[in-house]
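Engineer: Supplied in structure tokens, the structure appears directly below.
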Amino acid sequence: MKDSTGISMSVIRRLPRYYQYLTDLSNNGIERISSSELAEKMGLTASQIRQDFNCFGGFGLQGYGYNTAQLANALAGILGLDSDFSAILIGAGNLGKAVAAHLFSEQNGFRLIAVFDSDKKLEGKKVGKFSILHMDALEDFCKQNKPVTAVLCVPDNAAKEVALKLDSLGVKSFWNFSHFDISSILPNSRVENVHLKDSLMTLCFLIKSDMGKN
């Protein structure tokens, strides 16, 4: 599968990992690294890394490798981490509060501008610096502020209605923590799914498999 840029989604999904790793290397005083060294540390091949970077013009120098700080900065630009896309969060339960508190605290291309919930009892309570707004205020807020992205931390049975409402209000991208398949009803939207339970069950399977080998 390819993005609208023609670049494979598998390549795009590796970019954040490259960025994080190179940033850590630079912060730890490592100024340069070869593709083979980077490949060994990241569990990839040198050829794969060169092919991935060549999708964006290539960055290394023959006989020198990659400057870690320069490459990290270049990848930050490619990823759009210097952007300021406005985001709203729907669902102020424990997960929503954690996402609002910890995942919008650094430069990642997005700026959280509001938190919503359908529970009247939560209206006006604080999530970080935000007072929780009731869903009744969503339409007017979106018309006035035109958020680019919505973070969905809602139950699966509520996700469809919420996504359709947001789409009708001009929100076309979603960071989806529910298990509802938003793409099935909004095929032209940008959706990034985060399935925490799936990840935990995968870990459970791997541990169980390891124990079966003993």
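Engineer: If we keep just the residues of the stretch 48-79 that are touching a helix residue (DSSP H, G or I) at 6+ places or on another chain (Cβ under 8 Å) and hydroxyl-bearing (S, T, Y), which is nearest to N108 (Cα to Cα)?
Structural biologist: Top of the filtered list is T68.
Engineer: Can you find a residue in the stretch 177-186 that is without any contact (Cβ under 8 Å) to a residue 60 or more places away in the chain, of a type outside the set (S, T, Y) and surrounded by fewer than 12 Cβ atoms within 10 Å (Cβ to Cβ)?
Structural biologist: For the stretch 177-186, residues without any contact (Cβ under 8 Å) to a residue 60 or more places away in the chain, of a type outside the set (S, T, Y) and surrounded by fewer than 12 Cβ atoms within 10 Å (Cβ to Cβ): absent.
Engineer: Answer with yes or no whether A158 is over 16 Å from the mean Cα position of the chain (by Cα), within 19 Å of V99 (Cβ to Cβ), surrounded by 12 or more Cβ atoms within 10 Å (Cβ to Cβ) and assigned by TED's automatic domain parsing to the domain that holds I90.
Structural biologist: Yes; evaluated as a whole, the condition is true for this residue.
Engineer: For G170, only one of the following conditions fails: (1) in a strand (DSSP E or B); (2) in contact with a helix residue (DSSP H, G or I) (Cβ under 9 Å, 6 or more places away or on another chain). What is its number?
Structural biologist: Only one criterion in (1) in a strand (DSSP E or B); (2) in contact with a helix residue (DSSP H, G or I) (Cβ under 9 Å, 6 or more places away or on another chain) is unmet by G170, namely (1).
Residue by residue, here is whether (1) assigned to a helix (DSSP H, G or I); (2) among the small types (G, A, S); (3) closer than 18 Å to M9 by Cα holds:
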| residue | (1), (2), (3) |
| --- | --- |
| I30 | no, no, no |
| S47 | yes, yes, yes |
| R50 | yes, no, yes |
| F53 | yes, no, yes |
| A72 | yes, yes, no |
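Engineer: Also, quick follow-up: Using the structure shown, decide if Y18 is surrounded by 18 or more Cβ atoms within 10 Å (Cβ to Cβ) and not in a helix (DSSP H, G or I).
Structural biologist: No.
Engineer: For the stretch 74-104, what are the residues that are under 15 Å from the mean Cα position of the chain (by Cα) and part of a loop (DSSP other than H, G, I, E, B)?
Structural biologist: If the condition is that a residue be under 15 Å from the mean Cα position of the chain (by Cα) and part of a loop (DSSP other than H, G, I, E, B), then G80, L81, D82, S83, D84, L103, F104 are the ones that fit.
Engineer: Report, by residue number, each residue of the stretch 116-131 that is surrounded by 12 or more Cβ atoms within 10 Å (Cβ to Cβ) and either in a loop (DSSP other than H, G, I, E, B) or touching a helix residue (DSSP H, G or I) at 6+ places or on another chain (Cβ under 6 Å) (or both).
Structural biologist: Hits for the stretch 116-131 are F116, S118, D119, E123, K125, V127, G128.
Engineer: Among the residues of the stretch 86-94, is there at least one that is surrounded by fewer than 17 Cβ atoms within 10 Å (Cβ to Cβ) and either of a type in the set (F, W, Y) or more than 21 Å from N145 (Cβ to Cβ) (or both)?
Structural biologist: Yes, the stretch 86-94 contains a residue that is surrounded by fewer than 17 Cβ atoms within 10 Å (Cβ to Cβ) and either of a type in the set (F, W, Y) or more than 21 Å from N145 (Cβ to Cβ) (or both).
Engineer: Let me ask something else about it. Name, by its number, the condition in (1) surrounded by 19 or more Cβ atoms within 10 Å (Cβ to Cβ); (2) farther than 14 Å from A87 by Cβ; (3) under 19 Å from the mean Cα position of the chain (by Cα) that does not hold for S199.
Structural biologist: Tallying (1) surrounded by 19 or more Cβ atoms within 10 Å (Cβ to Cβ); (2) farther than 14 Å from A87 by Cβ; (3) under 19 Å from the mean Cα position of the chain (by Cα), S199 fails exactly one: (1).
The values are calculated or read from the model by the stated rules, or taken from the named source; none is laboratory data. This structure is a prediction, so every number in the text was calculated from the model and none was measured. Backbone-built Cβ (ideal geometry, glycine too); neighbour counts: all protein chains shown.
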